[in-house]
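Just so it is clear, none of the values below were taken in a lab; they were calculated from the coordinates. No experiment lies behind these values; they were computed from the predicted model shown. Every residue, glycine among them, receives a Cβ derived from its backbone with ideal geometry; neighbour counts consider all protein chains shown.
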Amino acid sequence: MPVDVVHIRPARLKDAPALAAAYEEAWRNAYQGIIPHLPLERMLARRGLRWWESALRKRTPLLVLEFGGEAAGYVTYGRCRLGRSPFQGEIFELYLHPIYQGFGLGEKLFDGARMRLAELRLKGLLVWALADNDSACAFYLRLGGKPVAEGAESFGEVSLRKVAFAFP
């Protein structure tokens, strides 16, 4: 694939429609059958176009993977939310539209966020994944992540186990 086709860059307001679509499709692809239907649909409804426009206006730390001029995925990052952690940075979300998955583009997003965290002088990072999301867990393990903590996330009446992967 030609190098100039793929770019990692800060998100722009004009990316909002593509980011909303990438989010919805990635979540449906990753979480159908894991997160109960109604809570999943509610989460998708809350994160529509208006939510994305608002997040971009607030300058949420967000990088976009641009593929052929289109925002194909994104990563959000910042200071680690886990108290008393030796890891200072965190990747909050990393999602690619399903048609762009499986080509190494997620790793480019991950590396872009890692570089930004290093520029902020945040050493090491954590990223959480639902334990039942086999592809996400395998992805972080492939990148060298080590499972270091567990927690739970509630979706309606269901509590799902999540795993924190650490990267030095």
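Residues whose amide H falls under 5 Å from that of Asn133, counting only those 5 or more places apart or on a different chain, are absent, with hydrogens built in the peptide plane.
Of Lys123/Lys162; Lys58/Lys108; Lys14/Lys162; Lys108/Lys162, which ones are farther than 29 Å apart at the Cα? Don't jump to the answer; show the numbers that get you there.
Details: Lys123/Lys162 22 Å; Lys58/Lys108 24 Å; Lys14/Lys162 33 Å; Lys108/Lys162 23 Å.
Pairs exceeding the cut-off: Lys14/Lys162.
Simple point charges give the picture: +1 on the Cβ of Lys and Arg, -1 on the Cβ of Asp and Glu, and for the chain a dipole about the Cα centre of about 740 debye. Each principal axis of the Cα cloud of the range 94-150 was evaluated for its coordinate range; sorted largest first, these ranges are 32, 27, 15 Å. Considering only Cα atoms, the convex hull volume of the range 3-123 works out to 122 Å³ per residue.
Between Glu119 and Leu141, the modelled labels are 3.3 nm apart [label points 7 Å from Cα along Cα→Cβ].
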